[in-house]
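Working notes for the structure below.
The values are calculated or read from the model by the stated rules, or taken from the named source; none is laboratory data. Keep in mind that this is a model prediction, so the values were computed, not measured. Cβ placement follows ideal geometry from the backbone for every residue including glycine, while neighbour counts extend to all protein chains displayed.
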Amino acid sequence: METPKKPREVFIQGVTLEGKTFRPSDWAERLAGAMSSFRPGGVPTRPGAHIGYSPLCVPRVVNGVKCVIVSEALKSVEPMAWDFVMNFASDNHLQVVEACLLPEPGSSTS
């Protein structure tokens, strides 16, 4: 039996194709916040579940650059949400790269 392939991740970087820092400074948190309800299995119903980012679209700082890391799995959860984030990157001339986020040293991988 073949091991299921992990969905690829796309890093939308807060740097334009022209090399300028994208503004406003909280753009990554805003974009990830707009995607917070798109989760595998839908929105949890426990108290406070609406607070927090979707694991499919999270803001991070990578090498000093604000990014939003978007899992390709978002496509199967909600194709229009995937199109929205990819169009956001394109419309704002943001650099987009395929990569894989590695766990932080000392973090649990379970």
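Observations, loosely collected:
- When the criteria are applied in full, ASN63 fails the requirement of being under 21 Å from ARG8 (Cα atoms), modelled with pLDDT of 95 or more and surrounded by fewer than 13 Cβ atoms within 10 Å (Cβ to Cβ).
- Hits in the range 54-88 (condition: over 15 Å from THR21 (Cβ atoms) and among the small types (Gly, Ala, Ser)): SER54, SER71, ALA73, SER76, ALA81
- Selection count where residues are free of Cβ contacts under 8 Å to residues at least 40 places away in the same chain and in a strand (DSSP E or B), scope the range 55-98: 4
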